[in-house]
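Below: one structure, written as structure tokens.
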């Protein structure tokens, strides 16, 4: 009887462990999401360990290919992908750059939050265990020319808390997330942008989409 109980406890322990993997946490967090928004703090370090100023701001994503990355500190910058083009606005430089939205954005690890089917299609994954109070999942792009060497997603009990990735030059970026809102109602102009009057525009700004400047 004691042996049977021990086997049952081992089975229950294994099931509980499997249910608490990073992949399971990602699936639970992203399930049913069409739009998502939150706050971020980003820190970049070079291969020698040098770090720049941390930046903070907000991000918003919507299925299938739209996102808004709004840096508030230490310098303002707005990046908007409307599904066709990517706009980058630097108010201090009074400059906008625009280009066609391509594979770089399509293979961003963040896009799996609004399209879980992309995870197994575009990435290989491996469990990285628990450390720093989070449970980690490593993503490696299947693209022939990946934009990053790897990306680690760290989950706490409420969802995605941190993302760490290293680019092909050895630069390391750490992004901490907070105040996630699942399927929030978004303003009509969230993913549309028009260059403010008087700024320099680099690239092809032709777009049929209605656009709104940074506020």
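When you scan the range 180-198, do you find a residue that is within 30 Å of residue 50 (Cβ to Cβ) and either at pLDDT 95 or above or loosely packed, with under 15 Cβ neighbours inside 10 Å (or both), even just one?
no
It is to be established whether one or more residues within the range 129-139 are farther than 24 Å from residue 188 by Cβ, crowded, with 18+ Cβ neighbours inside 10 Å, under 18 Å from the mean Cα position of the chain (by Cα) and free of Cβ contacts under 8 Å to residues at least 24 places away in the same chain.
The answer is no, given that none of the residues of the range 129-139 is farther than 24 Å from residue 188 by Cβ, crowded, with 18+ Cβ neighbours inside 10 Å, under 18 Å from the mean Cα position of the chain (by Cα) and free of Cβ contacts under 8 Å to residues at least 24 places away in the same chain.
For the range 138-149, does any single residue satisfy the condition of being outside any loop (DSSP other than H, G, I, E, B), out of contact with any helix residue (DSSP H, G or I) (no Cβ under 9 Å at 6 or more places or on another chain) and modelled with pLDDT under 95?
Yes: the range 138-149 contains one or more residues that are outside any loop (DSSP other than H, G, I, E, B), out of contact with any helix residue (DSSP H, G or I) (no Cβ under 9 Å at 6 or more places or on another chain) and modelled with pLDDT under 95.
Criterion first (touching a residue at least 40 places away in the same chain (Cβ under 8 Å) and crowded, with 16+ Cβ neighbours inside 10 Å) does residue 101 satisfy it?
In short, no.
Need the failing condition index for residue 5 against (1) modelled with pLDDT of 50 or more; (2) surrounded by fewer than 10 Cβ atoms within 10 Å (Cβ to Cβ); (3) more than 21 Å from residue 151 (Cα to Cα), just the number.
(1)
Would you be able to tell me the number of residues in the range 150-190 that are without any contact (Cβ under 8 Å) to a residue 12 or more places away in the chain and in a strand (DSSP E or B)?
Adding up the residues that qualify gives 0.
Suppose we filter the range 89-113 for residues that are part of a loop (DSSP other than H, G, I, E, B) and either at pLDDT below 90 or out of contact with any strand residue (DSSP E or B) (no Cβ under 7 Å at 6 or more places or on another chain) (or both); how many remain?
The qualifying residues number 7.
Taking only the range 63-78 into account, find how many residues are part of a strand (DSSP E or B) and either surrounded by fewer than 14 Cβ atoms within 10 Å (Cβ to Cβ) or modelled with pLDDT of 95 or more (or both).
Here the count works out to 8.
When residue 145 is evaluated against the numbered criteria (1) over 26 Å from residue 178 (Cβ atoms); (2) crowded, with 18+ Cβ neighbours inside 10 Å, which criterion, by number, is the only one it fails?
In the conditions (1) over 26 Å from residue 178 (Cβ atoms); (2) crowded, with 18+ Cβ neighbours inside 10 Å, residue 145 misses (2) alone.
Return the total of residues in the range 22-47 being part of a loop (DSSP other than H, G, I, E, B) and under 16 Å from residue 181 (Cα atoms).
So the answer is 4.
Is it fair to say residue 86 is touching a strand residue (DSSP E or B) at 6+ places or on another chain (Cβ under 9 Å), part of a strand (DSSP E or B), free of Cβ contacts under 8 Å to residues at least 60 places away in the same chain and under 22 Å from residue 115 (Cβ atoms)?
Criteria met by residue 86.
What number of residues within the range 151-171 are under 30 Å from residue 47 (Cβ atoms) and surrounded by fewer than 18 Cβ atoms within 10 Å (Cβ to Cβ)?
7
The values are calculated or read from the model by the stated rules, or taken from the named source; none is laboratory data. These figures come from a predicted structure and were not determined experimentally. Ideal geometry is used to build each Cβ from the backbone, glycine not excepted, and the neighbour counts take in all protein chains shown.
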